1. Tell me the label-point distance for the pair A26, E59, using the 7 Å Cα-to-Cβ offset, in nm and rounded to one decimal.
2. Between R222 and K51, what is the spin-label point distance in nm, taking each point 7 Å from the Cα along the Cα→C-beta axis?
3. Measure off, as a whole percent, the carbon and sulfur share of the 1.4 Å-probe accessible area of the stretch 163-227, all protein chains present.
4. Per-residue accessible area for E203 at 1.4 Å probe radius, Å² rounded to 10?
5. Leaving ligands, DNA and RNA out of it, rank K149, K184, K125, K191 by accessible area with a 1.4 Å probe, largest first.
6. At 0.36 nm per residue, and after removing the present C-alpha to C-alpha distance, how many nm does the segment from R234 to L15 gain when stretched out fully?
7. Accessible surface of I217 in the full protein assembly, 1.4 angstrom probe, to the nearest 10 Å²?
8. Against the empirical 2.2 N^0.38 Å scaling, what ratio does the C-alpha Rg of the stretch 123-233 come to?
Amino acid sequence: MSDTLEINLAGRIMLGASRHGLTDPARVHVYVRAIVAVIDHRYPDGRPGLKALEPLITEQLQLLEAALVDARLRRQLAAGTVPPVAPVAAAEADPEPAAEGRPRTRQRVLKGKGHTVVAKAMEEKLRDERAPVQQLLLEDCVHLGLLDKKQAQRLVRGMVGRSPGEGERQVVEQLRQILQDQVKGIIRRLKGGPWATPQQQEEMRQDIHNARSVRSILMLARQIIKERREWEKRNGEGGMFGSWFGARKGLA
């Protein structure tokens, strides 16, 4: 374990592990890393302290517990060892029937918690966490011209099987390089353009290098577009340079 957060999570997961047949330390580590990835995705600019993280940690541990309970029930069903079904109590009710064609999600009300915890498998949870970044790649990045559709689809496929934090970090590395190359191209074509001095160019390079999320890359790209257009307006430029980034689909 690399830090206090992971040690805290590992201890809390192992505390209740035996109730669900979880005894393998390697599996505990996988769950710890999955929860850490959710936290890093929620706080891309740096984690707050454990006290501030407690509500999110509690939520993730409850989701994990519900997923483990669900997995144990499925194993018992497969083995034919499910105990007799007791009458449904007020604390545990069956959800409403799902619409035709849609899978039914098991829900379990934890006694004393006062709210319903949706029992999702961890992989489904991670897939949901990756979805917002994947949507930014397929829509915003393509719209701005950072990526074409095939590039965006390739990056989305590359995130599958990775934690949200790890997947976004790898995507951001590629987007930083793409944006840097595009800015260099503008500087060459416009003989400096809005960033005519070496100091301005170095500041731009540092801004791109310091971007740590897809959202921050997009914000920076929009700012670059704004500065380029303002420069062209002041200098009477445009024409063949008016469709940056390249000749791709329209810019806002």
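1. 3.2
2. 3.5
3. Values: 1660 of 3480 Å².
Carbon plus sulfur share of accessible area: 48 percent.
4. Ignoring ligands and nucleic acids, E203 comes out at about 100 Å².
5. Working: K149 140, K184 95, K125 30, K191 180 Å².
Sorted by accessible area, descending: K191, K149, K184, K125.
6. Numbers: separation 219, 0.36 × 219 = 78.84 nm, distance 6.53 nm.
Full extension from R234 to L15 adds 72.3 nm.
7. In the full protein context, I217 sits at about 0 Å².
8. Details: Rg = 15.1 Å, N = 111, 2.2 N^0.38 = 13.2 Å.
The stretch 123-233 yields a ratio of 1.15.
The values are calculated or read from the model by the stated rules, or taken from the named source; none is laboratory data. For clarity, every value in this text was computed on a predicted model and none was experimentally measured. Don't worry about glycine lacking a Cβ; one is built from the backbone with ideal geometry, like all the others, and counts go over all protein chains shown. Note: areas computed on protein heavy atoms with side chains; ligands, DNA, RNA excluded. Shrake-Rupley method; radii C 1.70, N 1.55, O 1.52, S 1.80 Å.
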